[in-house]
Amino acid sequence: MPNIIRAAFWWNRFGLRGKSAIPRRIGRIWKGKDIFIPTRRGGVLSVDMSNLDVYAIIYNAGGQWDGHVMNTCERLLRPGDVYYDIGSNSGVFSIDAALAFPDLAVYAFEPQPSLAQHIRQSIDANNLNRVKCLEFLLGQEDGEHTLYLTSHSIHASIVPRYRRFRQLKLPMRSLDSLVMSGEIKPPDVIKIDVEGAEITVFRGALETLRKNNPSVIFEADDNLARMGLGVQNVFDCLLQAAPYSFYRIDSDGNLSNAEHPFKFGNYLALAPRHFNRIFPDKELQPDSRPT
């Protein structure tokens, strides 16, 4: 790895200021060869140099992003499952899940063109033809929508987050449309992080959720407030489709029952059919909660 890239990663870890800004600037002036970084499962990620700060975080965390969330996904997944990684960003969830589970079919949904390009390069570099990258927005219906881009790729959103942004008109699809048309297989497990637009995606997937009852790992953070929503709204939307039970994913990876008042964080909506994957020594009760 070139020294200037190592320096960017070092600054992201130890710098006093500009932990994200400085690596990002270094990446955007880089004119050298393609860079790959290792993942925790022994794969490699193709680095989108315009978003080097994101890959610096992954590199410094041992090849992972939000390890407690990745661990929860892997607790749920089984060989032969279909896994949706919605808001894939770098693609690390998709790549490592495919490496961890044989015969796993993975769909990485990423609307940002530069990131999608590098996800495809990562797929090729790891020889993972079971992973497909789909480059469009997901929403309530098919059509077109605006994605608002900021300096941080992880903050791209369908609602502007900052005063300064770039607009990108993109095609939008609903999961119901994609599944019913046969373009993608129905899911067993969904991981989603779309900066507060989760309910919009779920509303376009209610039929798929009803018929297939996938378990869903989702982020419910302060971006919901920008949409005029709270954590309870996400729960209520999912409960229209299936009798999910909800668990907060703690920072150490443990699961705790979601209880009022619901705090922002990462959550698991556990489908009854997957109860024994998470709680193999417990019996499913009528309220879908562990005893």
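Any read-out appearing in this document is the output of simple, stated calculations on the displayed coordinates, not a laboratory observation. Just so it is clear, the structure is predicted and the values come from calculations on it, not from any experiment. Please note: Cβ atoms are built from the backbone with ideal geometry, for glycine as well, and neighbour counts cover all protein chains shown.
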Self-check item: Extension gain, Ala7 back to Asn71 (0.36 nm per residue minus Cα-Cα distance, nm)
Solution: 20.1 nm
Exercise. Would you list which lysines come within 21 Å of Lys191, measuring only between C-alpha atoms, while excluding same-chain residues fewer than 8 positions from it?
Key: Lys132, Lys211, Lys263
Self-check item: Ordering of 257-266, 214-223, 77-86, 136-145 by packing [mean C-beta count within 10 Å, highest first]
Solution: 214-223, 77-86, 136-145, 257-266
Quiz item: Angle between the Cα long axis of helix 113-125 and the longest principal axis of the chain, 0 to 90 degrees, nearest 10?
Solution: 90
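Given the range 1-106, report the % of alpha carbon pairs whose separation exceeds 18 Å.
49
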Quiz prompt | Simple label model, 7 Å out from Cα along Cβ direction - Arg273 to Lys33, nm | solution = 4.7
Self-check item: Whole-angstrom gap from the range 10-70 to the range 89-106, using each part's C-alpha centre
Solution: 19
Quiz item: Rounded to a whole number, what is D in µm²/s for the range 103-248 from Stokes-Einstein with the Kirkwood radius over alpha-carbon pairs (4 °C, 1.567 mPa s)?
Solution: 80
Exercise. Express the relative contact order of the chain as a whole percentage, based on alpha carbon pairs under 8 Å and six or more residues apart in sequence.
Key: 13
Self-check item: Mean Cα-pair separation over length for the range 1-118, i.e. relative contact order, pairs under 8 Å, 6 or more apart, %
Solution: 22
Quiz prompt | Helix-only CD estimate at 222 nm, as mean residue ellipticity for the chain, using -39500 (n - 2.57) per DSSP H run (n ≥ 4) | solution = -9000 deg cm²/dmol
Quiz item: In what sequence do Ser251, Ser46 fall when counting other Cβ within 10 Å, fewest first?
Solution: Ser251, Ser46
Quiz item: Once the convex hull of the C-alpha atoms of the chain is built, how many Å³ does it hold per residue, rounded to a whole number?
Solution: 135
